[in-house]
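Written out below as structure tokens is the structure these notes cover.
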Amino acid sequence: MAERPTLTQWVTDLRAGKVSSCELVRASLARIEASQARLNAFVTVTADEAMAQAEAADRDLAAGRGGPLAGVPIAHKDLFCTAGVRTTCGSRMLENFVAPYDATVVARLRAAGAVMLGKLNMDEFAMGSSNETSHFGPVRNPWNTDRVPGGSSGGSAAAVAAGLVSAATATDTGGSIRQPASFCGVTGIKPTYGRVSRYGMIAFASSLDQGGVIAASAEDCARVLGVMAGFDPRDSTSVDVAVPDYLDALDAPLAGIRIGVLREFFDPGLDARYERCVRDALALFERLGARLREVSLPNIPRSVPAYYVVAPAECSSNLARYDGVRFGHRCREPRDLEDLYKRSRSEGFGAEVKRRIMTGTYVLSAGYYDAYYLKAQRVRRLITADFERAFGAVDLLMGPTTPTTAFALGAKSADPVTMYLNDIYTISANLAGLPAMSVPCGFVEGLPAGLQIIGPHFAEQRLLHAAHRYQLETDWHRRVPERCP
Ligand code: GLN
């Protein structure tokens, strides 16, 4: 199997003048074009703007200037607002929406010199686990195009896996960075809630949404996250905690680190061959000097039902703004205001988004608020307390990212509950606001498996460090699918 070039390698080569940004960007654009019919990873490609940015980056690099990511080709999940370039959120509702400003994440990456090649496909409004709810059609998994890439950041994961870009932004409300990263054999990190600004990131469930990155390795993620992270006065939930240098001490030995193996993640739903990959990874950590112990978080099995009350409740409120008046799709020739609301929303939203809005409206309605919404918030508190207890005794928690490898397109789309259960191992970290990542740890019948690492609040560096040490000893993350693109 061929090896994937890393962002770290490109940063080094660009600085050394071994390659130019124009060359890298031109090659990436050619790969995107060649892959699009097969993978459908992109919604919008911004070739001309990218070439102009690459030329500017080459000038900066030649002058010894340029930010930490100068000249490196990346792309954004299509829910980060980009000034002048449409931001669709995978929805017909926003098919022609052009934001007048950049999301903070976009602005920071641009300022660091990264070159944006376009906007990546995703589940509609980030609701989904398979990228099949996108208005722009499903993304396909580069390892096997009959399989889904995971969701909702399916375009981001597929684009990195296929080597179309060196890194991609993504968001994770209930697993949407980790699950697609695991399905596509790439590395993804969802930081602590509040670590990365949500300004200009189209909202799904505001108390759970968090931006992060998908790249080829933990070291690559560290480079990009270092640029994305940090306080932003324009996001009221952004936390003013200094951002450490994530590259610092990445190589330090792991000896003595205490790893909790999450008992509830090794449930009967976990594929036995997938479990083997995860157990082998844990054994490797032990050989690297980590101390392993089993940890039980008894409220974890309640995370899926709690999430599927809280997330729809918040989405029903966030998506009320799409009324045909101010943003997005407007129906033709409305009879009156009510008709305008009704038809614009009926036409603009897809089935999964409507299902969430209806569920959310229901659980927030007067007679049901206490029974569902408040109860779910209480469960959320119990899950958070479970994690707090666990992190009193261990430094990191580990387990599988998903119960199985990538499933076939169409396999779960008829049954929402089966689809929702795919997030069973990822959702708890969002409910507790914890940083979590997925790292490639093996293959089952040619499809990648992912090791999940969860840490206490603001322990991104610890996660990246553990993942990097693991990746120094393994090559799962370097493998690339055969037909790429
Ligand atoms: N799959 C989950 C959902 O459909 C999580 C999505 C996400 O993290 N954005 O809600």
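The values are calculated or read from the model by the stated rules, or taken from the named source; none is laboratory data. The model shown is predicted, which means the values in this text are computed figures rather than measured ones. Quick reminder, even Gly has a Cβ in these numbers, built from the backbone with ideal geometry, and neighbours come from all protein chains shown. These area figures cover heavy atoms from the full protein model, side chains too; ligands, DNA and RNA do not enter into them. Shrake-Rupley method; radii C 1.70, N 1.55, O 1.52, S 1.80 Å.
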Checklist entry - If you go through the range 254-266, how many residues are open to solvent by 10 Å² or more (accessible area, probe 1.4 Å), touching a residue at least 60 places away in the same chain (Cβ under 8 Å) and either assigned to a loop (DSSP other than H, G, I, E, B) or among the polar types (S, T, N, Q) (or both)? => result 2
Item to check | Every pair of residues 6+ apart whose Cβ atoms lie under 7 Å, when the first sits in the range 380-397 and is at pLDDT 95 or above while the second is hydroxyl-bearing (Ser, Thr, Tyr) | outcome: Ile383/Ser303; Ile383/Ser428
Checklist entry - Has the range 351-358 got any residue that is away from the ligand (no atom under 14 Å from the Cβ), over 22 Å from Leu292 (Cα atoms) and aliphatic (A, V, I, L, M)? => result yes
Checklist outcome for this item: If we keep only residues of the range 361-379 that are over 22 Å from Ile300 (Cα atoms) and part of a helix (DSSP H, G or I), then the residue farthest from the ligand (Cβ to nearest atom) is Tyr369
Item to check | the range 125-138, residues that are more than 14 Å from the ligand (Cβ to nearest atom) and open to solvent by less than 40 Å² (accessible area, probe 1.4 Å) | outcome: Gly137
Next on the checklist: Can you find, within the range 364-374, the residue that is nearest to Ala313 (Cα to Cα) among those that are in contact (Cβ under 8 Å) with a residue 40 or more places away in the chain and more than 27 Å from the chain's Cα centre (by Cα)?
Outcome noted: Leu364
Next on the checklist: Need the failing condition index for Leu225 against (1) outside any helix (DSSP H, G or I); (2) open to solvent by less than 60 Å² (accessible area, probe 1.4 Å); (3) within 30 Å of Gly446 (Cα to Cα), just the number.
Outcome noted: (1)
Next on the checklist: Let me spell it out: the conditions are (1) of a type in the set (Gly, Ala, Ser); (2) more than 16 Å from the ligand (Cβ to nearest atom); (3) open to solvent by 10 Å² or more (accessible area, probe 1.4 Å), and Ala281 meets all of them except one. Which number is the exception?
Outcome noted: (3)
Checklist outcome for this item: Per the list (1) open to solvent by 10 Å² or more (accessible area, probe 1.4 Å); (2) part of a strand (DSSP E or B); (3) within 16 Å of the ligand (Cβ to nearest atom), residue check on Met116 breaks on (3)
Checklist entry - Residues of the range 178-215 being within 12 Å of the ligand (Cβ to nearest atom) and either in a strand (DSSP E or B) or free of Cβ contacts under 8 Å to residues at least 12 places away in the same chain (or both), which ones? => result Gly188, Lys190, Met201, Gly211, Gly212
Checklist entry - Within the range 182-211, can you find the residues that are more than 25 Å from Ala50 (Cα to Cα) and under 9 Å from the mean Cα position of the chain (by Cα)? => result Ile189, Lys190, Gln210
Checklist entry - Identify, please: which residue in the range 292-332 is over 19 Å from Ile357 (Cα atoms) and within 23 Å of the chain's Cα centre (by Cα) and is, among those, nearest to the ligand (Cβ to nearest atom)? => result Ser303
Next on the checklist: Being outside any strand (DSSP E or B) and more than 13 Å from the ligand (Cβ to nearest atom) is the filter here; which residues of the range 156-177 pass it?
Outcome noted: Ala158, Ala159, Val160, Ala161, Ala162, Gly163, Leu164, Val165, Ser166
Next on the checklist: Going by what's in this entry, would Val295 be described as in contact with a Phe, Trp or Tyr (Cβ under 7 Å, 6 or more places away or on another chain), open to solvent by 10 Å² or more (accessible area, probe 1.4 Å) and hydrophobic (A, V, I, L, M, F, W, C)?
Outcome noted: no
Item to check | Selection count, the range 98-113, where residues are surrounded by fewer than 23 Cβ atoms within 10 Å (Cβ to Cβ) and more than 21 Å from the chain's Cα centre (by Cα) | outcome: 5
Next on the checklist: When you check Val310 against the structure, is it open to solvent by less than 40 Å² (accessible area, probe 1.4 Å) and either closer than 22 Å to Phe458 by Cα or modelled with pLDDT of 95 or more (or both), yes or no?
Outcome noted: yes
Checklist entry - Right, Arg234: part of a helix (DSSP H, G or I), basic (Lys, Arg) and either more than 13 Å from the ligand (Cβ to nearest atom) or modelled with pLDDT under 95 (or both) or not? => result no
